[in-house]
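Peer 1: Once you've had a glance at the structure underneath, I'll fire off some questions.
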Amino acid sequence: MSGTKSTSGSDAGKQLWLPSREFIERSMMTSYIRWLESREDRNFSDYSSLWKWSVTELDKFWPSISEFFSVEMNGRYSRVLSSYSMPGVRWFEGAELNYVDYVLRNHGREGVAAVSRSECRNRTELGWNELIDSTRRIASALHETGVRKGDRVAAYLPNISETVIAFLATAHRGAIWSSCSPDFGAQSVIDRFRQIEPKVLFTVDGYSYGGKRIDRINLVEKIVSEIPSIRKVILLPYLNRDASLNRAILWNDFLRSGRNNVSGFDPVKVEFNHPLWILYTSGTTGLPKPIVQSHGGILLEHLKTHFLHFDLSDRSRFFWLTTTGWMMWNVVVSGLLTSSRIILYDGSASYPDMRALWELAEEERVTLFGVG
């Protein structure tokens, strides 16, 4: 085409990697395409033809993702989407589910669900059963606190395993999660959380970054004092083991207050479009604007992304350098949907030196390594 720069010869650059035929054959994408060809009675000659079908036949593509990955929905949806015009589209109206149910399928699975590495403490491993049992306990404790479907639960927590548990427990009850990382200043947190009126706040006392210890107790007190909707504060001593905060309950005490084996205490079924979490814009042109994403939408989108594009599986070890204030944290947590091991890191990417992340990748045998 006129005006299109050629990519032939030296302009094309060096091709760093090309999947082998064997790699392609055993990929989840290939499995999905073959299943889809049989389901739709048509041939997808290449990836481009699949992509074109997926963005033009929305009312066929998204149900195929739900069916291929065995997503269980209560009720019957009347239509896949209410309109082809944005915004305001409603998806799978009439269907109910819960994101957490897909994670709970791993109960009884042997092995490690999450590895947490931090400048504040030693490396820890969280097994599948411990993850799920702790999620149920925190969910039970939240329920006893009065958290119900639609309530907001906020977190001022780093990228560690307790944060994953707190998120899953929140979603378990049909409440809505939102997080900021502890490197955010008090006003940045207030500007975000005050808009959504959280009932509960999970927080740490501080963190370490680049070898520096950073106390956040005074900032947390300011945050709580300026957000009147907060009724309960759960403090995780992280920087200092003996940390305390007025009117806060310690994480371990809150965990012990919850019950694990509660008959009928299953994840609350919510509408497909019910909010799962709230993210935020950067706030460069005024107050940060909340971005709401739903249980059903995120479940299907992340099943598609993580299985088909990332090709994650129970043999994978998934890492992305992120904090809880960035949407990639949410992407990492959804690695649990694929039964892969997620690798969490809280600290500086260059501490104690520039080899830190490469050593992490080698030691944890990371199979998908994300930065930036």
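Read the figures in this text as sums done on the coordinates, not as results from a lab. Just so you know, these numbers come straight off a predicted model, no measurement behind them. Cβ coordinates were reconstructed from backbone atoms using ideal geometry, including for glycine residues, and neighbour counts include every protein chain displayed.
Peer 1: Percent antiparallel among DSSP beta bridges with both residues in region 57-370, to the nearest 5?
Peer 2: 35
Peer 1: Take the Cβ-Cβ distance between ILE249 and GLU72 as r, set R0 to 25 Å, and report the resulting FRET efficiency rounded to the nearest 0.05.
Peer 2: According to the calculation, E is roughly 0.15.
Peer 1: Sticking with this one: What 222 nm value per residue comes from the helices of the chain, counting each DSSP H run with n ≥ 4 as -39,500 (n - 2.57) and dividing by all residues, nearest 500 deg cm²/dmol?
Peer 2: Estimated from H runs of four or more residues: -10000 deg cm²/dmol.
Peer 1: I would also like to ask the following. Quick one: net charge around ARG355, please, counting Lys, Arg +1 and Asp, Glu -1 for every other residue with C-beta under 13 Å from its C-beta.
Peer 2: Here the count lands on -4.
Peer 1: Still on this structure, I have one more. Just to confirm a number: summing +1 for Lys and Arg and -1 for Asp and Glu over residues other than SER340 whose beta-carbon lies under 13 angstrom from that of SER340, what do you get?
Peer 2: +2
Peer 1: Hey, another quick one. Indicate the gyration tensor shape class of region 217-372 (rounded, prolate or oblate), computed on the Cα atoms with a ≥ b ≥ c the square roots of the eigenvalues: a/c under 1.5 is rounded; otherwise a/b larger than b/c is prolate and the rest oblate.
Peer 2: rounded
Peer 1: Does a label point 7 Å from the Cα of ARG109, set along Cα-to-beta-carbon, have any residues of region 315-348 with amide nitrogen under 14 Å, and which are they?
Peer 2: Of the residues in region 315-348, 315-318, 333-343 have backbone N under 14 Å from the label point off ARG109.
Peer 1: Need one word for region 289-350: rounded, prolate or oblate. Basis is the Cα gyration tensor (sqrt eigenvalues a ≥ b ≥ c); a/c below 1.5 gives rounded, then a/b vs b/c decides.
Peer 2: oblate
Peer 1: What number, in nm² with one decimal, is the all-direction average of the projected area of the convex hull of the alpha-carbon atoms of region 114-194?
Peer 2: Mean projected area of the Cα convex hull: 5.7 nm².
Peer 1: Follow-up question, since we're still on this one. Please report, for the Cα atoms of region 91-238, the Rg to one decimal and the Dmax as a whole number; what are they, in angstrom?
Peer 2: My reading of the Cα-based Rg and Dmax gives 16.0, 51 Å.
Peer 1: Hey, another quick one. Could you give me the percent of Cα pairs per 20 Å distance bin for region 57-370, shortest bin first, beginning at zero and ending with the bin that holds the maximum distance?
Peer 2: Calculated over all Cα pairs of region 57-370, the distribution is 33, 60, 7 percent.
Peer 1: To check my understanding: the extent here is largest minus smallest coordinate of the Cα atoms along each principal axis. What are those three numbers for region 159-289, in Å, largest first?
Peer 2: 45, 40, 29
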